[in-house]
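Q: Below you'll find the structure I mean.
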Amino acid sequence: MNIAFVGSSLSAWPLLQEASRVSDQPLPASLLQGALRERAIETGITLRLASSAEDVLLDQTNSVVVIAVEDCDEILRLTRAAVQAEKHVVVVLPELTASAALTFELQLILDESQTAIIPILGRWLLPQLPTDRLTLQLQADIIRQLTLELPLHDLNEASLNTGLRNGLDLLTASGFLYSQVTCLDQAVPGGGLISRMVSLSTQPEAERLLPPAALTLRPATSTDVGQSPRLIVIQRDGQQQQFAVTATPLLPRIRHLTAQRQECTAWLDAASATLELCEATARSIRRRRTVDVHFDAGTERSVFKSQMTALGCGVLTWLLLGMVAYLIAGQLLTLPGWAWHTARILWMVPLGIFLIAQLLLPLTRNRGGQTRGGQSTNDGP
């Protein structure tokens, strides 16, 4: 498996380092930019540099392209071009701009392609998560709480976003899909952030209540040196189960997913769920309260229904306003019969278009995803 890289994000550095270490040949031509290129040069990694992303995609010596750019539109453009060139794609999610909309678009591209599209997620830091598994498959009935504390070397926006996304994904690697988020920032009087605490839970009226989960992001200290964070599962009988959070080999999971590309759908669903939680965290901070999470299934059918709902409201408004305008014009204006007939047709045209558009619903694609408040339905065997 020959891997090429396109982008500048340092989040791709562990994979670049691993790919270089396991290969006895120079890596295929890659387009490295910014901090990622500087890090590769500093460490003496041997690779050929391409002049453009298109050169990387057209290179026949690579079979997998890692896309590590910050702009979501550029990620989608490069992904489309890569799958058209019959390349597998590994997506390093942007630090600042990643959203559920990005993974939804990647799902649509995956549906049209014959190659794999793989998002790198925080749960890849769990050595105890088997290569062919999406979740740890924990049993909710015997668990009281899940906790995770992640030390960060910096509390700037990029570091917080990455730490939050990785932390939330590690918690949902339990197999639990939470529907409520509460986030609290602790800051010093001058405004500097001390820590960020996120609580995950399910709505009280949910059919199945899940054990609460807590994530804490804080500055790293000297006591964290040489220590791996732990995902701690506290059981109802008081016993604890701990999962180390540390760097793990990435290539075995990538090899598995390129060979079993049908599993990429579940991984993109998991990425979407994690990003939905991240967006809910931002809303919780802004509103200073607990917020509900309404997971989008991420399918063409759900988007089509949403668009038709909005269009239906617009058509209804048009009909009401059009009727009022027609009645007022009838009292104030004297027009020939053909003009009134044309006005009535124009008034009804949007309704006709809206009704015809409903016939397109069976043509939209649907996909089994995750059940709200429960476990993933797309886990491995």
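The values are calculated or read from the model by the stated rules, or taken from the named source; none is laboratory data. Here the structure is a predicted model, which means the values were calculated and not measured. No Cβ is skipped: glycine too gets one built from the backbone with ideal geometry, and neighbour counts run over all protein chains shown.
Q: If you go through the range 192-207 one residue at a time, do you hit one that is surrounded by 13 or more Cβ atoms within 10 Å (Cβ to Cβ), in contact with a Phe, Trp or Tyr (Cβ under 7 Å, 6 or more places away or on another chain), in contact (Cβ under 8 Å) with a residue 24 or more places away in the chain and among the charged types (D, E, K, R)?
A: So far as the range 192-207 goes, no, none of its residues is surrounded by 13 or more Cβ atoms within 10 Å (Cβ to Cβ), in contact with a Phe, Trp or Tyr (Cβ under 7 Å, 6 or more places away or on another chain), in contact (Cβ under 8 Å) with a residue 24 or more places away in the chain and among the charged types (D, E, K, R).
Q: In the set Ser272, Ser284, Ser228, which member is in the same structural domain as Glu149 (by TED's automatic domain parsing) and either part of a helix (DSSP H, G or I) or of a type in the set (Lys, Arg) (or both)?
A: Answer to the selection: Ser284.
Q: May I pose another question? If you scan the range 317-329, which residues turn out to be of a type outside the set (Phe, Trp, Tyr) and farther than 11 Å from Ala343 by Cα? Spell out the reasoning first.
A: If we filter the range 317-329 for residues that are of a type outside the set (Phe, Trp, Tyr), which is where we start, we get 317, 319-325, 327-329.
If the condition is that a residue be of a type outside the set (Phe, Trp, Tyr) and farther than 11 Å from Ala343 by Cα, then Thr317, Leu319, Leu320, Leu321, Val324, Leu327, Ile328 are the ones that fit.
Q: If you scan the range 8-39, which residues turn out to be over 17 Å from Glu74 (Cβ atoms), among the polar types (S, T, N, Q) and crowded, with 17+ Cβ neighbours inside 10 Å?
A: Ser20
Q: List every residue pair whose Cβ atoms lie under 9 Å apart, where the two residues are 6 or more positions apart in sequence or sit on different chains, the first residue falls within the range 217-244 and is on the phi > 0 side of the Ramachandran plot, and the second residue, located anywhere, is of a type in the set (D, E, K, R).
A: Gly238/Arg144
Q: To continue, here is another question. Which residues, taken from the range 317-335, are assigned to a helix (DSSP H, G or I) and more than 16 Å from Val349 (Cβ to Cβ)?
A: Answer for the range 317-335, where residues must be assigned to a helix (DSSP H, G or I) and more than 16 Å from Val349 (Cβ to Cβ): Val324, Leu327, Ile328, Ala329, Gly330, Gln331, Leu332.
Q: Among the residues of the range 309-332, what is the count of those that are loosely packed, with under 13 Cβ neighbours inside 10 Å and either of a type in the set (Phe, Trp, Tyr) or over 22 Å from Gln358 (Cβ atoms) (or both)?
A: Matching residues across the range 309-332 total 9.
Q: Here is a follow-up. Based on what the data block shows, is Thr202 at pLDDT 95 or above and out of contact with any Lys or Arg (no Cβ under 7 Å at 6 or more places or on another chain)?
A: Answer is no for this residue.
Q: Quick one: Arg123 ticks every box in (1) outside any strand (DSSP E or B); (2) of a type in the set (Lys, Arg); (3) under 15 Å from Gly7 (Cα atoms) except a single one, so which number is it?
A: (3)
Q: Looking for whichever is touching a His at 6+ places or on another chain (Cβ under 8 Å), surrounded by fewer than 23 Cβ atoms within 10 Å (Cβ to Cβ) and hydroxyl-bearing (Ser, Thr, Tyr) here; the options are Thr115, Thr46, Thr61, Thr97. Which one fits? Give the steps one after another, and end with the answer.
A: Values: Thr46 fails: touching a His at 6+ places or on another chain (Cβ under 8 Å); Thr61 fails: touching a His at 6+ places or on another chain (Cβ under 8 Å); Thr97 fails: touching a His at 6+ places or on another chain (Cβ under 8 Å).
Among Thr115, Thr46, Thr61, Thr97, only Thr115 is touching a His at 6+ places or on another chain (Cβ under 8 Å), surrounded by fewer than 23 Cβ atoms within 10 Å (Cβ to Cβ) and hydroxyl-bearing (Ser, Thr, Tyr).
Q: Additional query: Test of understanding: among Arg144, Arg133, which residue is over 16 Å from Cys278 (Cα atoms), surrounded by fewer than 21 Cβ atoms within 10 Å (Cβ to Cβ) and touching a strand residue (DSSP E or B) at 6+ places or on another chain (Cβ under 8 Å)?
A: On the way: Arg133 fails: touching a strand residue (DSSP E or B) at 6+ places or on another chain (Cβ under 8 Å).
That would be Arg144, the only listed residue that is over 16 Å from Cys278 (Cα atoms), surrounded by fewer than 21 Cβ atoms within 10 Å (Cβ to Cβ) and touching a strand residue (DSSP E or B) at 6+ places or on another chain (Cβ under 8 Å).
Q: If I ask for residues that are in a loop (DSSP other than H, G, I, E, B) and closer than 17 Å to Ser63 by Cα, which ones from the range 4-43 would you list?
A: Ser23, Asp24, Gln25, Pro26
Q: Would you be able to say whether some residue in the range 210-219 is of a type in the set (A, V, I, L, M) and loosely packed, with under 13 Cβ neighbours inside 10 Å?
A: So in the range 210-219, the residues of a type in the set (A, V, I, L, M) come out as 210, 213-215, 217.
In the following step, the residues that additionally are loosely packed, with under 13 Cβ neighbours inside 10 Å were identified as none.
Within the range 210-219, not a single residue is of a type in the set (A, V, I, L, M) and loosely packed, with under 13 Cβ neighbours inside 10 Å.
Q: Would you please name the residue that is nearest to the chain's Cα centre (by Cα), looking only at residues in the range 230-262 that are closer than 30 Å to Pro212 by Cβ and surrounded by 20 or more Cβ atoms within 10 Å (Cβ to Cβ)?
A: Among them, the one singled out is Arg253.
Q: Which residues, taken from the range 231-241, are part of a strand (DSSP E or B) and out of contact with any helix residue (DSSP H, G or I) (no Cβ under 6 Å at 6 or more places or on another chain)? Can you show your working first?
A: Just the residues of the range 231-241 that are part of a strand (DSSP E or B), to begin with: 231-235, 240-241.
Passing the criteria: Ile232, Val233, Ile234, Gln240, Gln241.
So that you can scan it fast, the table gives a plain yes or no per residue for (1) in contact with a Leu (Cβ under 6 Å, 6 or more places away or on another chain); (2) farther than 17 Å from Arg230 by Cα; (3) in a loop (DSSP other than H, G, I, E, B):
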residue: Pro94; (1), (2), (3): no, yes, yes
residue: Ala101; (1), (2), (3): no, yes, no
residue: Glu105; (1), (2), (3): yes, yes, no
residue: Asp132; (1), (2), (3): no, yes, yes
